[in-house]
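Trainee: One structure is given below, represented as structure tokens, and several questions about it will come after.
Read-outs throughout are calculated quantities, based only on the coordinates presented, and are distinct from any laboratory measurement. Keep in mind the model is a prediction, meaning the values are calculated, not measured. When we count neighbours, we look across all protein chains shown, and the Cβ atoms used for this are built from the backbone with ideal geometry, even at glycine.
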Amino acid sequence: MFSRFKCRSAGWKVYLATTVTFSLFIHPAHAETASADTEPAGKLITATNLQEVTVTATRTSRKVSEIPESVSVVDTEQIRTRQAADIGDVLRYLPNIDLGGGPRNLGISPTIRGMADDRILFLLDGARQDFNRGHNARIFTDPSLLKRVDVMRGPASAIWGSGALGGVISFTTLDATDLLRPGERSGIKVRGGFQSMNEQYIPGTSIYGLVGEEFDYLLDFSYRNAADDIRHGDGSKLQNSQFQSYAGLAKFNWTPGDHRFTFSTQTFDQTGKVPANSQTASTPDTLVDRDTEQRNYTLRYRYENPDNTWLNPEVLVYHNTTHSLEKRLLDRRRDETDFSTTGINARNSSRLDLSSFATQLITYGVDYFHNEAKGKRNGAIRPEFPRGNADVVGVFLQDEITLWDRLSLIPGVRWDYFRSEAEGMATSANKNDRVNFKIGGLFKVTEWFSLIGNYSEAFRAPTLGELFTTGTHFTCGPGCANLFVPNPNLKPETAFNKEVGARIQKSDLLYEDDRLAIRGAYFHNKVKDFVDLMVDFVFFPVPGNPGRGGVTTSDNVRDAVLEGFEIEANYAAKYGYTGFSYSQTRGYNRTDGGVLSNVQPDRWIVMAGLNWPTYDLSLGWRSSIIEAQNRVPTGGTPTPGYTLHDLTLTWLPQNGSLKGVRLDFGIDNLTDKDYRRHLNVLRDPGRNYKLAVSYQF
């Protein structure tokens with residue numbers, strides 16, 4: 001089952017041995033020098049977790065509380081405390097975010113405000129992740145490598161370009177300085193974990209340090225072995241959900257003066273026996289031995305000189321590849337899928353101090369990326385995943401205007417041109433251009449109460465699969481087959497979103513340094529030219545199929561409206577925290593009438609926690625209350641509601657001989673509820689005991 005990885009195990013051992021030797025040669029692990037630039041590697045949850053800085057909404061650094069867009073941030077401490085096994089664990093407590101695709105990590109599909117993952121832009125260290133294949137996850141990464149995840153809800157093409165109809169999910173990986181404790185020059189962190197739902201073992205190692213005053217490095221290796229199938233709440237198991245995965249990160253920062261160069265490479269490899277559609281149950285004729293590989297390479301340059309307000313450039317060059325090999329066990333048929341993205345982003349920000357009460361931060365730049373896709377079946381071209389390429393170039397301008405330190409206005413405009421074509425096909429190329437606008441405003445009524453308003457547009461260029469797929473969709477007996485018909489004339493999907501809301505940010509209410517944060521927002525998103533997969537199953541000839549079985553093609557079929565609201569309230573102090581969120585989305589088909597099928601149910605998240613600094617302990621509890629989803633199209637399947645309870649316990653000694661040890665214990669689905677998420681075919685895991693131990697030295 002895992003022969004592909006066995007042949008590579010020697011290579012991984014060499015990699016680990018080399019990196020350990022490299023680290024020890026540069027700096028002994030115990031060497032310590034005072035360093036004012038480093039932060040503690042870990043701490044218990046406090047009120048400061050509510051004050052986050054994001055670059056996702058504006059591509060400049062701003063506090064979440066000071067931007068008109070709706071952005072949530074999951075930080076390092078939250079990822080560690082939850083012992084996230086996949087991106088679903090990272091995102092599942094955020095308002096108006098739902099997870100489809102089932103419990104197998106290869107099929108996880110996030111939804112933002114009713115928009116599925118094919119209408120969400122994914123970023124990994126700023127690099128686009130455009131891999132898109134039916135019934136597969138869009139991005140593959142191990143949560144142990146992540147520093148933070150930013151989620152922007154709502155259209156964002158005026159700043160990010162194609163794909164961001166539903167929003168943006170941005171993953172940022174760790175740096176050495178995130179692990180170094182005050183005074184340290186280098187270190188090693190070893191960790192191990194276990195999760196009971198599938199007997200998953202999770203060892204890992206991090207090696208990191210400083211070289212001189214200008215260079216830092218991080219080398220990280222993580223391994224996961226799910227030795228058993230996922231257990232449901234009723235005691236049954238999801239057959240063929242075992243897997244092994246390897247993830248690695250090498251990241252280097254060089255900071256000579258005001259310049260900063262960052263190079264990173266990230267790898268992800270996973271293998272296991274799963275159905276060809278990992279979002280469904282397995283059957284003997286659909287079972288495949290799948291190897292999935294993803295590689296990400298980024299090179300970033302930044303210049304930051306506080307005395308030069310006109311010049312603050314950033315350039316990012318990136319290349320990522322995804323390779324999937326499926327060997328069907330029934331007849332050993334080999335299907336290969338390859339997808340790559342190569343791109344460059346360049347932007348500059350200039351600050352203008354117009355007067356004592358007015359400032360501007362003007363950001364302008366250009367983005368370009370090139371996608372390539374190809375598929376093979378038994379070494380020959382596979383029409384279901386045609387060989388094609390797409391080029392997109394965009395130019396953008398944004399102005400962040402601040403008046404009297406109370407009113408912020410952020411207008412922006414972007415022009416994109418895209419062109420897609422398939423090789424070896426008589427169909428013409430698909431090309432178009434699009435201008436998107438946005439304007440957002442935030443008014444501080446008082447120092448602690450703000451009103452926000454936001455209008456934003458977005459578009460999504462048709463994917464290569466939607467444009468050019470040919471071949472057989474499914475068979476229906478002897479001489480009967482439903483055939484794909486390409487449609488190179490698809491128009492881009494477009495979205496027009498309006499949003500209003502209010503925010504409260506206040507500290508020192510009951511105790512010193514405590515903090516209260518309340519946010520509410522209402523949105524109305526009008527979407528035009530939705531691309532849908534139309535299946536015409538008939539037993540007589542039709543254009544595109546001279547035989548029986550009909551055709552399947554992508555087409556712009558409807559307009560839609562998605563509207564709803566979300567409210568969050570969080571309070572944190574030295575000895576504890578509490579909070580809740582409620583989110584609601586409604587989707588309407590404005591072409592044919594009725595409701596949309598891909599809208600998540602209403603959801604409450606309630607949480608509370610206690611901190612005991614004397615004993616270095618933190619205890620947390622969360623409840624997810626999911627209401628029944630009965631608003632489904634005619635013929636759709638309603639989903640009953642359910643309630644889940646999760647517990648976390650963290651012990652992080654700050655002093656003494658055990659300093660450097662961290663222990664996390666958790667229980668997901670405490671009551672062993674047997675449930676299924678809306679739109680999922682598969683049921684989710686039952687009770688899951690989780691344990692993670694790490695030691696940093």
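Trainee: Given LYS273/LYS327; LYS147/LYS574; LYS147/LYS438; LYS251/LYS273; LYS251/LYS690; LYS63/LYS444, which pairs have Cα atoms separated by over 21 Å?
Mentor: As for pairs spanning more than 21 Å Cα to Cα, those are LYS147/LYS574; LYS147/LYS438; LYS251/LYS273; LYS251/LYS690.
Trainee: How much mean residue ellipticity at 222 nm does the chain get from its helices, if each DSSP H run of length 4 or more adds -39500 (n - 2.57) and you divide by all residues, to the nearest 500 deg cm²/dmol?
Mentor: After summing the helix terms and dividing by residue count, I get -1500 deg cm²/dmol.
Trainee: Normalising by the residue count of the chain, find the relative contact order in percent from Cα pairs under 8 Å and 6+ residues apart.
Mentor: Across the chain, relative contact order equals 12 percent.
Trainee: Between the alpha-carbon centers of the range 272-291 and the range 67-102, tell me the distance in whole angstrom.
Mentor: 27
Trainee: Another one. Radius of gyration and Dmax for the range 346-431's Cα atoms, expressed in Å?
Mentor: Rg and Dmax of the range 346-431, Cα atoms, are 21.6, 69 Å.
Trainee: Non-local amide H neighbours of ARG558 (under 5 Å, H modeled in plane, Pro and chain starts lacking H): which ones?
Mentor: Sorted by chain and number, the residues that satisfy this are ASP529, PHE530.
Trainee: Then there's this: Counting only Cα, what are the radius of gyration and maximum Cα-Cα distance Dmax of the range 280-384, in Å?
Mentor: Rg and Dmax of the range 280-384, Cα atoms, are 23.4, 75 Å.
Trainee: How would you rank 97-105, 431-439, 536-544, 649-657, highest first, on the average number of other Cβ atoms within 10 Å across their residues?
Mentor: Those peptides, ordered most packed to least, come out 97-105, 431-439, 649-657, 536-544.
Trainee: For the range 500-517, take each phi angle, set θ = phi - 60°, evaluate the Karplus expression 6.51 cos²θ - 1.76 cosθ + 1.60, and give the result in whole Hz per residue in order, putting x for glycine and proline.
Mentor: 9, x, 9, 9, 10, 10, 9, 10, 6, 7, 10, 9, 5, 6, 6, 8, 10, 10
Trainee: If you consider only alpha-carbon coordinates, what radius of gyration and Dmax does the range 550-697 have, in Å?
Mentor: Taking only Cα atoms of the range 550-697, I get Rg and Dmax of 21.3, 72 Å.
Trainee: Once every Cα of the range 384-424 carries one equal point scatterer and solvent is ignored, give the base-10 log of I(q)/I(0) from the Debye formula at q = 0.19, 0.30 Å⁻¹, two decimals.
Mentor: For the range 384-424, the Cα-only Debye profile gives -0.69, -0.97.
Trainee: I'd like to compare 582-591, 227-236, 152-161: which one has the highest average count of other Cβ atoms within 10 Å, and what's the full order after that?
Mentor: Packing order, densest peptide first, comes out as 152-161, 582-591, 227-236.
Trainee: Does the range 3-696 come out rounded, prolate or oblate, given a ≥ b ≥ c as the square roots of the eigenvalues of its C-alpha gyration tensor, rounded meaning a/c under 1.5 and, failing that, prolate meaning a/b above b/c?
Mentor: rounded
Trainee: Quick check on the range 216-296: take the gyration tensor over C-alpha atoms, sort the square-rooted eigenvalues as a ≥ b ≥ c, and tell me if it's rounded (a/c under 1.5), prolate or oblate.
Mentor: prolate
Trainee: Hey, another quick one. Packing-wise, with mean Cβ within 10 Å as the measure, how do 596-602, 257-263 rank, highest first?
Mentor: Descending mean neighbour count gives 596-602, 257-263.
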